[in-house]
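What follows draws every value from the coordinates through simple rules; no lab data is involved. Note that this is a predicted model, so its numbers are computed, not measured. Virtual Cβ from ideal backbone geometry, glycine too; neighbours counted across all protein chains shown.
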Amino acid sequence: MNDDAFVIDVAGVNKSFNGKRVVRDLDMQVRRGEIYGFLGPNGSGKTTSIRMLCGLLTPDSGRGTCLGYDIIRETAEIKRRVGYMTQRFSLYEDLSIQENLDFMARMYGMPNRRQVVTDALQRLGLTDRRRQLAGTLSGGWKQRMALAACMLHAPQLLLLDEPTAGVDPKARRDFWSEIYTLAATGISVLVSTHYMDEAERCHRLAYIADGRLLARGTPQQVLEAAGLTTWSVEGEGLQQLAAQLRDLPGVEQVVPFGATLHVSGTDAALLAQSIAPYQASADYRWSAARPGLEDVFIQLMEHAQDNGA
Amino acid sequence: MSLRGFSWSRFIAMVVKEFIQMRRDRLTFAMMVGIPLIQLTLFGFAINSDPKHLPTAVVTADHSVFARSFVAGLAHSGYFEIVQDLETESEARRMLDTGEVQFVVTVPVDFGRKLLRGERPVLLVEADATDPSATSNAITALVTLGQTVLNRDLTGTLVALQPRQPPYELRIHRNYNPEGLTHYNIVPGLMGVILTMTMIMMTGLAITRERERGTMENLLATPVRPLEVTIGKIVPYILVGYIQVSLILLAAWAIFEVPMQGVALLLLCVLAFVAANLSVGIMFSTLAKNQMQAMQMTFFFFLPSILLSGFMFPFRGMPQWAQAIGEILPLTHFLRLVRGILLKGNGVAEALPHLWPIALFMLVVMCVGLKRYRKTLD
Ligand SMILES: Nc1ncnc2c1ncn2[C@@H]1O[C@H](COP(=O)(O)OP(=O)(O)O)[C@@H](O)[C@H]1O
Ligand SMILES: [Mg+2]
């Protein structure tokens, strides 16, 4: 296997369910050692894409490799080397933590099973609760245990499907620091999420909506490619203002952000022209804002919907 | 499907996991012990193997002393309760059909006179033998009755007519059921029925449960192979099968006093039979979309097994097509094995012809199951 190669390199991958195209012409390249964010709203095809990468679903068309192995013909090799953490908890709730880890260690034929499991329990901090049934764990602990379980066989690539969904902010932060630690050891991570703030934590990312990849690159590149200009407004009666702004030419997004309003558009000149009368008003204080990834993604999604409709 | 790449480690992972889950699942435990107990009680105890006072109609066209003695002898035996003394045969037949009586005894015209002439008149006994265990002992009593009942009347010059052979010919028609099973058949046969039901039901849920709980996704993401999953799920239930067999054999021996021979050979045959049924369960669970469907399939298989295997109805009494289906079913062969070994003392040589059809059945079903097992979530 070529060391410089991408750990994931797929092109033109399609998947339909019952005639509905769920993933369209997916192109994706993930480099070794990077944390690759896979973003998109619910039902956009993230899980389906990840399942195709690790051989759980067969693509209708397209080709590609995962860790250098063909995603259609060499799924057995891929499964042995990839750690896949499913979106829905899919370990056995009626088995204890230790029994689950033991099961997974045996599944991957770990020669030093006991040691591996003991170490994993220690790292998790669950040594004392190892006999507790997995079904009785809280959401955050289940996620951590699932991560530990898919890490037992020291995979070179982790596929994490919404690992932080429904987890409290503290646990989310811990989870991400763990992912950073892993990436630092050379493990590549593909992580899907629909939390926009997590996008910024990734080295590179791809944004998918309705089965189509709409943007990809480093967070910086994605921001720049969108070419979005954003203004921030403060003042009284922002609700009425939002309603008025929405219909103006050049205004593509009006999103409330706490006590402010974010007004964005791709045509900076047209946007400036439209908001000029309101900038003159003493009721509002306008300032140029740095558009966030969230603004960009909402923009991309609405564009996609307009084009699709 | 190939044996190459079979991993003991993954296989053991499956077996250990299944054992733990089985131990923690109360329903499985209840089924393991509850079903044999309930079935044994229902089939074993509810069947009175030596019923007496069976309703009997007598059609007497002869009023000789001999005819009266015979009828009195019937009543005296305790097995027959004369409920009707009829004149016409058609009325008697109707009562037999409707089940109002279990026996119709017809004493023909001139019975007495022919008897005296030594012509051995025919005494017709018609039995409703749909439930053979209900009639067989009564019929036996009837035969012995013939040896003695008329001895009192055949005195003096008539002593010459006293039987070696009874002075009349007793003709017995076992209607509806020519074979006439004995009650010993029931309890050993029950073993096969119980195993069929519980084994298929338990494994039938095995893979659908993984799918419904979402654990299938994790399982499929590991390098595990179909053969490792299926055999890994079968092995723990073989033990369950043996626990059930022990329970039933114990009950058969201690409570129902079924003769016991060749238990070692029987336990070997149980292995084949249990494995065959477990394969059926696994196959069903690869076909079924959910647990409900798996249950339905179980019953779809269970019914013909009970009806066409010779458990409910004597095998040779069934029409040709039904026998053909029956020959395929593992239960048919297992019943022959159990009855042959326990009751007749059959050995390995007699058992083999019934062992290989079970093995063949298992092989075919296993292959179908493995072929249907999907390695992806598609
Ligand atoms: N096995 C399946 N059968 C039919 N439709 C499916 C299946 N899996 C996913 N879908 C559909 O495909 C779309 C994308 O689903 P998914 O990949 O789970 O999205 P995401 O993970 O981004 O939320 C959804 O509309 C979902 O209903
Ligand atoms: Mg998903």
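Rounding to the nearest 20 debye, state how big the charge dipole of segment A:6-218 is about its Cα centre with +1 on each Lys and Arg Cβ and -1 on each Asp and Glu Cβ.
Numbers: 30 positive and 23 negative charges, 36 e Å.
Charge dipole of segment A:6-218: 180 debye, to the nearest 20.
Restricting the chymotrypsin sites (Phe, Trp or Tyr not before Pro) of segment B:274-378 to loop positions (DSSP other than H, G, I, E, B) with no more than 13 neighbouring Cβ atoms within 10 Å leaves nothing. For the peptides A:154-162, A:100-108, B:363-371, A:179-187, residues were scored by their other Cβ atoms within 10 Å and the scores averaged per peptide; the highest-first order is A:100-108, A:154-162, B:363-371, A:179-187.
Peptide A:100-110 is shielded by partner chain Cβ atoms: per residue, an average of 6 of them sit within 10 Å of its Cβ. Cross-link partners for A:K142 among the lysines, with Cα-Cα distance under 18 Å and sequence neighbours closer than 8 places in the same chain left out: A:K170. Placing unit charges on each Cβ (+1 for Lys and Arg, -1 for Asp and Glu) gives the protein assembly as shown a dipole about its Cα centre, and among B:I20, A:A280, A:L160 the Cα reaching farthest toward its positive end belongs to B:I20. Shielding of peptide A:84-93 by partners, expressed as the average count of other chain Cβ atoms within 10 Å per residue Cβ, is 5. For segment B:197-301, the list of trypsin sites (Lys or Arg not before Pro) that fall in a loop by DSSP and count at most 13 other C-beta atoms within 10 angstrom reads B:K289. Summed over qualifying helices (DSSP H, 4 residues or more, each -39500 (n - 2.57)) and divided by its residue number, chain A shows a 222 nm mean residue ellipticity of -11500 deg cm²/dmol. Across peptide A:51-63, the average count of Cβ atoms from other chains found within 10 Å of a residue's Cβ is 2.
Within the same chain, lysines fewer than 8 places from A:K79 are excluded, and of the rest, those with a Cα less than 18 Å from its Cα are B:K375. Dipole size of the protein assembly as shown about its Cα centre, with +1 on Lys/Arg Cβ and -1 on Asp/Glu Cβ: approximately 1940 debye, rounded to the nearest 20. Rounded to a whole number, what is D in µm²/s for the protein assembly as shown from Stokes-Einstein with the Kirkwood radius over alpha-carbon pairs (37 °C, 0.692 mPa s)? The diffusion coefficient I find is 103 µm²/s.
Extending 7 Å from the Cα toward the beta-carbon at both B:E257 and B:R117 defines two label points whose distance is 4.8 nm.
Only one residue of A:L213, A:Y108, A:F6 has its Cα farthest out toward the positive end of the dipole of chain A, where Lys and Arg carry +1 and Asp and Glu -1 on Cβ, and that residue is A:Y108.
Exposure proxy ranking for A:K20, A:K46, based on other Cβ atoms within 10 angstrom of each Cβ and starting from the fewest, stands as A:K20, A:K46.
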